[in-house]
Each structure stands twice: as structure tokens, then as C-alpha cells.
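Shown next, in C-alpha cells, is the structure this report addresses.
Just so you know, all these numbers are worked out from the coordinates, no wet-lab data involved. Everything numeric here is computed off the predicted structure, so don't read it as measured data. Positions of Cβ are backbone-derived with ideal geometry, glycine not excepted, and every protein chain shown enters the neighbour counts.
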Amino acid sequence: MVECTSQSQQSTQVPPELEPAVRAMVLLSPSSRGILLTMLEQLAEREGISVSAQDNFAAPAEGLDLWKSKLRQEGYSPNTIRTYLSTLTRFLAVNPTPSKLDIQRWLAKQLETRSSSAVATHRKALRSLFGFLFEEGMWPSDPTTRLGGIKVSYRAKDPPTIDEVMRLMTYSCWTAEQTKKYRLFTLLLATTALRITEAASLRKDRVFLDRHELRVVGKGDKERVVPLVPVAEAELELYMADRPNGSDYVFPGDTHTGWWSIASYEKTLRRACIQFGFRNFTPHSLRHFYATFALRGGAKLEVVSRILGHASVAITADLYRHVLTEELHDSSRQFAPLRDVPRIGIGTGEMADGEFREVTEQ
């Protein structure tokens, strides 16, 4: 409730339609709020009125725990929640009660030192928190409403070649068991384009060898079908048959999750790259390997996008624009009109009788 109190101590409630304007002052930057309050105090002093505003809104940082609970219920991955929380903690440390302008300035500042894709993630985190706080009545407005988007620029991918992938799968670990696990895991990433977390957490009941496919729960708790090529299917079947155990996962591990440590695989892959003299390929490089090879081989963009688990075909098109550009050139050379016509010799020699000539006189 917002009240105005005169010097005679008479209390008057502000009309309800004016309350949003008064509460909006709380969201202004400290300097802007100071200027506005100074002007208001000077005007009120002339009329013998003192102005005070009271509200029940806590600082946005106090709603973080409830917001995290909501994301967990909606199936957001622990990595996504951790990334969002890191962003919001840093932002709220310098902008405890931010306005829309504060958010815009902060995002613009981040673009000076961070990639556009990273800043786009910052924007998602801010929209998620303040959308939640406003929806639950914990903050008077959503300062991220109509917040401008971040144009993400993707660099051309440089994935490993087929020969390099084949060499990576010949690497030997300290034990025979670790070697088999590493090689199958690498084969799976290269032939299915799974994200590393999706592969590491692959459950046995999500493997359907009779249908030659996996069913993977990816980002946003969305399930998708991922086909298995014959070599991956055969190796996966043999690997699972030789290891009957009580674990629900194809690649069990002694971790709090119950599946193989992602960091362990990343270190092994790094050691393999060093041994073979390759540049440092990451697990995500194998995902790019699949997509690039499939698109160059003629796979439809929509199909590749579904296998990758992208939210839209536009994301796939942006990520692999370089491959699609190569396809444009190849298609033009193969199908364009006059592609096989020899040199015409335009601009040389005399024009033949009957050819078009510009009419200069009637």
C-alpha cells in the first residue's frame, strides 16, 4: 500500500491506478531515483506534504531458491541451472534492484569481453528469473519484457576428418576395460551426434537394438529418436552383453550420478589427441563431425536438425552455414542453366546478321 502523509499527520492512500508508477520508482537506477525523489520532495514541500512509499517486495536475489526449484521441476539440466545461477549472482551483485536500462547496459558491457552466444545465455537467465518473479507476484514488473535479442554469430566448424576419428578409436588406456569403454564411447559420439552428457547418462532401457535406435532425453527434457548405424549397433550390443550388472546405465561410473565421469572421458580424449599429434578435439567436435559429414553427404537439413536435438532448423542452418554454402556452389555447378555452354565471347567480334541492334532512328 502506498500512502501520502501531510504535515498535519493525515494519511491519504494513493489511488490504485497510481501505485504501479510509485512502485516503478523502486526499479529505477539509484541516480535516476534520486533525481526523481528530489523533484517530488521539492514539489510536495510547497504543498506541505511529505511523501513515503511502502511495498512488500523483497530483493530479486531473495527469490533465487524458489526460482531454482521451478527450473528443476521443469526438467532443466543441472549444468543449465548452474550456468544461469552464476550469471544471475554476478549481475545482482552490482544491480540489486535493476531497471530495464540496467540490464541492457550490463549485457552490452558483457559483449565487450564475451562471445555473443555466452551473452545470449546471460539474457536467457535474466528473462527466466524476472519472468518468474513477476509471475509469482514477487516483483512489481518484468524489466526483461521486450528486451532486445542478442545476435549470435557462429564460427565455421572445423571437425576432425574420418581418418582422424578412426585413429582416435585406436588409442589404448591403462586397462583393457577402460580402453573398450573409451573406444565405444567415441564411436557412439561420432555416429550419433549425442551431446557428451546424453551419451554418458544413456540408460539401458533407452537402447532399442531391435529398432536400430536410441531414445535420448536432451535439453528441456525433450525426448528424441537417434538412429544407430550398423557398426555402432553391433559394438554396443556386444559391449552390453559382456557386462551384465545392476546399473541402469550403459556406461556406469563411481560418481554421484551413477554414470561415467564426463571429465574422465575428456581427459582421455585429450591424451589421445596429444599422442597422435592432432589438434585438441573435444567431445563436441565429434558432434560437429557427424553433422558436417551428414550434410555434405546430402542429408536433409531438417533430419540432421532433429537428430542433433536442436530447438529449430534455423539453429542448425546457422551453425553449419559453411557446409550449406558449399552445397550451394556444388548444386549451382551441377544444375544451373548454361552450365555446359562453352565460352560465348561476349563483347568480341562483329554481330551476326539478324541479331538484335539498338534502333536509333525511325
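A compact table of results
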read-out: Separation in nanometres of the label points that stand 7 Å from Cα toward Cβ, at Leu238 and Arg271; value: 2.3
read-out: Distance in nm between pseudo-label sites at Gln42 and Asn245 (7 Å out along the Cβ direction from Cα); value: 7.5
read-out: Simple spin-label estimate for Leu111 and Cys173 in nanometres, 7 Å along Cα-Cβ; value: 4.4
read-out: Reachable lysines from Lys204, criterion Cα separation under 29 angstrom, eight or more residues apart if same chain; value: Lys70, Lys180, Lys181, Lys219, Lys222, Lys267
read-out: Relative compactness, the range 162-333, computed as alpha-carbon Rg over 2.2 N^0.38 Å; value: 1.06
read-out: Hz values of 3J(HN,Hα) by residue in the range 137-143 - Karplus curve (6.51, -1.76, 1.60), Gly and Pro given as x; value: x, 9, 8, x, 8, 10, x
